[in-house]
Each structure stands twice: as C-alpha cells, then as structure tokens.
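This report refers to the structure that appears directly beneath it.
The values are calculated or read from the model by the stated rules, or taken from the named source; none is laboratory data. These figures come from a predicted structure and were not determined experimentally. Counting neighbours? That spans all protein chains shown, and the Cβs are built from the backbone with ideal geometry, glycine included. These accessible areas exclude ligands, DNA and RNA; they are computed on the full protein's heavy atoms, side chains included. Shrake-Rupley method; radii C 1.70, N 1.55, O 1.52, S 1.80 Å.
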Amino acid sequence: MPPRRRRAAPKQSVPPLAPSALPVNGLLNWASSAHWSPNERPCRYCGHPTHLRDDKGVPADKLCTEAALADIAWIVQTYSTQGQL
C-alpha cells in the first residue's frame with residue numbers, strides 16, 4: 001500500500017513583518033556604560049574593530065546587532081503567521 005500524501009497547509013493571507021517595519025530608533029538601549037570597552041575588538045558580525053559590547057560582553061557594533069535581531073524577529077514573525085512554529 002502506498003504512503004498517504006500530506007495535505008498542504010492552508011495559505012495565510014497575513015503578510016509577514018518586513019525588517020523595514022521594525023522600530024527606527026533601534027531595538028536595544030545602548031546608553032549604559034557597560035556596552036563600551038576601552039579595547040577595540042573585531043565585531044562578531046562584520047569583523048570591523050569596535051569598542052561596543054553586547055549584553056553578554058561580546059564585541060558587536062550597534063547596527064550589526066540590531067540588524068541581526070531584526071532578522072530574527074522577521075523570521076519568527078514569518079513562521080508564526082504561517083503556523084510553522
């Protein structure tokens with residue numbers, strides 16, 4: 001007996017959240033002095049030297065970190081609206 005075919009999930013009419021629709025002022029509060037270090041280290045995303053550190057102390061530029069978080073938010077939004085998560 002051949003295996004059963006799976007039914008395709010119904011398509012959602014809700015458009016996914018685009019990265020450009022996220023807040024313009026950024027996602028993180030970088031005002032704390034804990035985000036700055038006197039030593040330059042390469043950014044974990046782009047490799048350029050930076051004094052900035054993320055919440056875990058890893059060297060990361062502000063724009064690179066916020067872009068990575070926006071990408072993650074977009075992926076979560078896309079899959080949650082499609083019923084994939």
Subject >> Among the residues listed as LEU85, LEU27, the single one being part of a loop (DSSP other than H, G, I, E, B), open to solvent by less than 90 Å² (accessible area, probe 1.4 Å) and at pLDDT below 90 >> reply: LEU27
**OP:** Pick out the one residue from LYS62, LYS11, LYS56 that is among the basic types (Lys, Arg) and at pLDDT below 60.
**Re:** LYS11
Subject >> Enumeration of residues in segment 41-65 that are out of contact with any His (no Cβ under 6 Å at 6 or more places or on another chain) and in a strand (DSSP E or B) >> reply: ARG41, PRO42, PRO49, THR50, HIS51, PRO59
Original post:
Among the residues of segment 42-53, which ones are closer than 13 Å to CYS64 by Cβ and not hydroxyl-bearing (Ser, Thr, Tyr)?
Top reply: PRO42, CYS43, ARG44, CYS46, GLY47, HIS48, PRO49, LEU52, ARG53
